[in-house]
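As structure tokens, the structure follows; a few thoughts come after it.
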Amino acid sequence: MPFLTYLKGDGLGEVLDREQERYAGFMLMGQQIMIEDAEIPTADRELIAAYVSALNGCSFCFGTHEAIAKAFGADPEVLATIIADPDSDVVPPMLSALLAYARKLTETPSRLTQTDADRVTSAGWSEQALSDLVAVVAYFAMANRLADGHGIEGLDKAGNQSVANFVKENGYPMIQRILAPIGKESA
């Protein structure tokens with residue numbers, strides 16, 4: 001159960017919805033980082049989000065973003081493998097380079113070096129893709145802390161699939177309510 005009595009246990013969206021003004025920028029950032037066009041495909045960004053959430057031990061974000069990654073076409077075999085062995089031959093080399101950087105940024109960020117960045121670009125990614133990866137990892141550091149800090153527990157399979165279907169169809173939750181007052185259309 002959530003730590004705060006006013007939360008019913010419906011997921012992180014409940015926290016974000018309750019304090020829309022506070023988290024509007026966070027949700028817009030999520031839409032930009034995770035859904036809008038980028039060199040790293042959306043399925044891979046969502047897969048990285050699930051990976052980072054697993055590293056952080058956030059069951060809510062892991063479950064939802066695992067389902068979202070699948071909804072966007074991530075390979076279920078790769079998804080199942082990355083947690084146990086991100087260097088497995090099942091994981092494409094370009095994705096493996098991103099995962100290695102994401103892991104180090106998540107677990108020991110002060111130990112990142114130019115060599116770590118060079119591994120990403122040597123795998124075929126641009127510097128912009130590396131910057132996009134950093135944004136994904138940073139975004140999920142906050143999302144994981146929001147979920148875990150509020151005591152948000154992971155959803156069941158049907159709940160995760162419901163969130164995945166919504167995000168696949170509409171973008172990140174709340175995005176329509178955030179963009180409507182400022183006269184923008186959702187992506």
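Might you let me know whether the range 66-79 holds any residue that is in contact with a His (Cβ under 8 Å, 6 or more places away or on another chain), under 25 Å from residue 158 (Cβ atoms) and in contact (Cβ under 8 Å) with a residue 60 or more places away in the chain?
no
Out of the residues in the range 60-86 that are open to solvent by 40 Å² or more (accessible area, probe 1.4 Å) and over 21 Å from residue 33 (Cβ atoms), which is nearest to the chain's Cα centre (by Cα)?
So, considering only residues that are open to solvent by 40 Å² or more (accessible area, probe 1.4 Å) and over 21 Å from residue 33 (Cβ atoms), the one nearest to the chain's Cα centre (by Cα) is 83.
Between a residue in the range 131-148 that is over 19 Å from residue 98 (Cα atoms) and in contact (Cβ under 8 Å) with a residue 12 or more places away in the chain and any residue that is of a type in the set (D, E, K, R) and surrounded by fewer than 19 Cβ atoms within 10 Å (Cβ to Cβ), which pairs come within a Cβ distance under 9 Å, given they are 6 or more apart or on different chains?
Close Cβ pairs (under 9 Å, with a partner that is of a type in the set (D, E, K, R) and surrounded by fewer than 19 Cβ atoms within 10 Å (Cβ to Cβ)) amount to 147/153.
Residues of the range 164-180 being modelled with pLDDT of 90 or more, within 18 Å of residue 10 (Cα to Cα) and not polar (S, T, N, Q), which ones?
Selection gives 164, 167.
Any residue in the range 96-110 that's on the phi > 0 side of the Ramachandran plot: show its pairings with residues that are in a helix (DSSP H, G or I) and not acidic (Asp, Glu) at Cβ separation under 6 Å, as long as the two are six or more apart or on different chains.
Here the result reads none, with nothing in the range 96-110 linked to a residue that is in a helix (DSSP H, G or I) and not acidic (Asp, Glu).
What's the number of the condition residue 115 fails, among (1) touching a helix residue (DSSP H, G or I) at 6+ places or on another chain (Cβ under 9 Å); (2) farther than 23 Å from residue 37 by Cα; (3) open to solvent by 40 Å² or more (accessible area, probe 1.4 Å)?
(1)
Which ones in the range 27-59 are farther than 12 Å from residue 172 by Cβ and open to solvent by 20 Å² or more (accessible area, probe 1.4 Å)?
Across the range 27-59, the qualifying residues are 37, 38, 39, 41, 44, 54, 55, 56, 57, 59.
For the range 140-173, how many residues are open to solvent by 50 Å² or more (accessible area, probe 1.4 Å), part of a helix (DSSP H, G or I) and not polar (S, T, N, Q)?
Of the residues in the range 140-173, 9 are open to solvent by 50 Å² or more (accessible area, probe 1.4 Å), part of a helix (DSSP H, G or I) and not polar (S, T, N, Q).
The values are calculated or read from the model by the stated rules, or taken from the named source; none is laboratory data. None of these values were measured; they are calculated from a predicted model. No Cβ is skipped: glycine too gets one built from the backbone with ideal geometry, and neighbour counts run over all protein chains shown. Accessible surface is based on the protein model in full, side chains and every heavy atom, while ligands, DNA and RNA are left aside. Shrake-Rupley method; radii C 1.70, N 1.55, O 1.52, S 1.80 Å.
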